[in-house]
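Report on the structure given below.
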Amino acid sequence: MKKAVEVILILLYFLEGANDQSGITLALLLLLLAAPFIGTYHKIRLPDYFLLAAMVYAFYLALGLYHQHPAAHIDIKFQFFQFIFFLALVNQRVKIDFLGLLLKINLIVFIIYLILLLDLFPNPWHEHTFGRQGRVLGPNIICIALILFYYLYKGRPFDRRLVWALSYATVYLLLTSNFTNIAIVLSLVVLIVVNFKNLFRPVYIFTLIAFIVLGILYLRSPWVPDMVATKLEYAMKPWEYGSIQTRIQDLQQALGNENFGWFEKIFGEGFGTGSKIYRENKISPSLSRTLAFQEIDNGFYYLYHRGGWSLLSIFIISHIYLMFKIKGVKAKLGFVAIVFITNILSIHYFNYYFYLLIPFFIIYRESISESLNRI
């Protein structure tokens, strides 16, 4: 049963973001939920916070259905997937080594990106394997962020497994040149490496300076990929980077288009809504067009658009609660970095259900380990 559950989890990870695979995803999620009850009877576990979240969601879902948003299922399916996924995690009766599982996924992600780079099989995640400036498009790459958070949360130091994991991750991070995940990974690595107690010791300072100098020399060398070198120009002024400027312009336009009254500002338009943004191409005006989004790349606006200030406030308060449950300053800072950077630059926090491993580790992991040890 344990191996079967792990295989299902790996398959689910790679179905995130895949094109037109919602039916398979739902079937696997239901199988994952049913797995602990096959051949035996167990009372299903429904934690109070889960029921409360379902009640809150039901209100904003009803609001969305009332507004009759076109193609609402595109948005709504992700929340249903998340509820099933988290409920399945809570009710697992087998002890899963989540760190080991994530390390396996990380290696598979690395291998898949190499295969995609060589164009050896059709890409199920995107219509085109190669995007702007040759960036490789493929499966989601959040597993390394989850691994690093696990290390921070458990207070683990750098070890051989993490070194190998980062080696694999560095390759696919460069291939995808995903600014969001690169920023998160760098932040978490710094938190793991830096020893705050020894920060002002001369040996520590000189070692840190040496690494910084060597890093700068490498980044200025001819061996750095052109795509990475182009992005490094904006390292000191990230707000001038084209992708971030586009996100800022999209957000400004979305806020200008919404025309919310007082009710919408408090409660939003409900789940199922989406945004339309006009993208102007000044270099080639014929390519300017109106784009319809599930949402623009800003998770905070995603919540505001669906639930107004009320849902956004619930999100912030619940994450402050989670932060206070975390022991250790480094783990707290790592948690804040993941939540803030992910949501300021994307909406993946709400449509990649594997992010739910973070609250699962914080809220439920210890009690599940203890109960499993007694079985």
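A few comments on the model shown:
- Meets criteria (surrounded by fewer than 20 Cβ atoms within 10 Å (Cβ to Cβ) and assigned to a helix (DSSP H, G or I)) for Ile358: no
- The sole residue among Leu107, Leu146 that is surrounded by fewer than 20 Cβ atoms within 10 Å (Cβ to Cβ), at pLDDT 95 or above and over 20 Å from Asp297 (Cβ atoms) is Leu107.
- Residue check, Phe211 surrounded by 10 or more Cβ atoms within 10 Å (Cβ to Cβ), touching a Ser or Thr at 6+ places or on another chain (Cβ under 7 Å), at pLDDT 70 or above and aromatic (Phe, Trp, Tyr): no
- Qualifying residue in the stretch 118-130 (condition: in a helix (DSSP H, G or I), out of contact with any Lys or Arg (no Cβ under 8 Å at 6 or more places or on another chain) and at negative phi): no
- Among the residues making up the stretch 8-49, a single one is hydrophobic (A, V, I, L, M, F, W, C), part of a loop (DSSP other than H, G, I, E, B) and under 22 Å from the mean Cα position of the chain (by Cα): Ala18.
- Taken as a whole, the stretch 138-157 holds no residue that is farther than 27 Å from Val5 by Cβ and under 21 Å from the mean Cα position of the chain (by Cα).
This table checks each residue for (1) more than 21 Å from Gly334 (Cβ to Cβ); (2) modelled with pLDDT of 90 or more.
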| site | (1), (2) |
| --- | --- |
| Phe158 | no, no |
| Tyr168 | no, yes |
| Ser177 | yes, no |
| Met227 | yes, no |
| Tyr234 | yes, no |
| Gln253 | yes, no |
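- Flag for Ala71 being surrounded by fewer than 17 Cβ atoms within 10 Å (Cβ to Cβ), part of a loop (DSSP other than H, G, I, E, B), in contact (Cβ under 8 Å) with a residue 40 or more places away in the chain and small (Gly, Ala, Ser): yes
The values are calculated or read from the model by the stated rules, or taken from the named source; none is laboratory data. As the structure is a prediction and not an experimental result, all values here were calculated from the model. Because the Cβ atoms are built from the backbone with ideal geometry, glycine has one as well, and the counts that use them run over all protein chains shown.
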